[in-house]
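Structure first, commentary second.
The values are calculated or read from the model by the stated rules, or taken from the named source; none is laboratory data. Predicted model only: the values in this text are computed from it and were never measured. For neighbour counting, all protein chains shown are included, and Cβ atoms are generated from backbone atoms with ideal geometry for every residue, glycine included. Protein only, heavy atoms only, side chains kept; ligands, DNA and RNA dropped before computing areas. Shrake-Rupley method; radii C 1.70, N 1.55, O 1.52, S 1.80 Å.
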Amino acid sequence: MAPTLQYEIGDEIGTGDWVVIDQERIDRFADVTEDHQWIHQAGPAAEAGPFGGPIAHGFLTLSMATRLREGVPDAVEGARMVINYGLDKVRFIQPVPAGSSIRARVQLAGAEETSDGALQVKYATTIEIDGAERPAAYVENLARYYG
């Protein structure tokens, strides 16, 4: 059975659950990436900085995109395997303060058949911050579904 789309291009597929981005998660990400810039560390420097406290790394926010999509229905039915194919666009719109909750709002942005028989799907994912007017990030990610 070949993979088939369950939504129309432009449809909102759904939103994921809220996930807390606490200081412990930010610190663990800093340890893994060896990015210990002061704006991500709790303490007087970040508190006196432009954001009034520590913020999550932009790449931490981006790396959470898969987790944030948990609970969002899949746009494709009938695939036996799906792979992350990459990104078309990433914009970090607003920083995520330590202790904030974020979630993904996912829209089907495109789909096309590839030369190797996969169905390549583009998702437009907006990463929202609970209580904020503007989102943290906008990501166009690509997935390939194989039947």
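Solvent exposure of F29, expressed as accessible area, is near 40 Å², computed with a probe of 1.4 Å over the protein chains only.
Estimated at the nearest 10 Å², the accessible area of W18 is 100 Å² with a 1.4 Å probe. Counting Cα-Cα pairs of the range 103-144 in 10 Å increments starting at 0 gives whole-percent bin shares of 30, 39, 21, 9, 1.
Treat every Asp and Glu Cβ in the chain as -1 and every Lys and Arg Cβ as +1, leave all other atoms uncharged, and give the resulting dipole magnitude about the Cα centre to the nearest 20 debye.
100 debye
Computed from label points 7 Å out along Cα-Cβ, the spacing between Y138 and W18 is 2.4 nm.
Accessible area of Y85 (1.4 Å probe, protein heavy atoms only, ligands and nucleic acids ignored): about 110 Å². Using Cβ point charges alone (K and R +1, D and E -1), the dipole size of the range 61-147 about the Cα centre works out to roughly 220 debye. Of the residues M64, M81, the one with the largest accessible area comes first in the ranking M81, M64, computed with a 1.4 Å probe on protein heavy atoms.
Using alpha carbons only, how many degrees (0 to 90, rounded to 10) separate the axis of helix 23-33 from the longest principal axis of the chain? So the helix axis and the longest Cα principal axis differ by about 70 degrees. On a per residue basis, the convex hull of the C-alpha atoms belonging to the chain measures out at 112 Å³.
Ranked from the most accessible area to the least, with a 1.4 Å probe and all protein chains present, what is the order of L62, L5?
Numbers: L62 35, L5 65 Å².
Greatest to least solvent exposure: L5, L62.
For the range 23-94, the solvent-accessible area of protein heavy atoms averages 63 Å² per residue (probe radius 1.4 Å; ligands and nucleic acids excluded). When the solvent-accessible area of the chain is split by element, carbon and sulfur atoms take up 47 percent of it, the probe being 1.4 Å.
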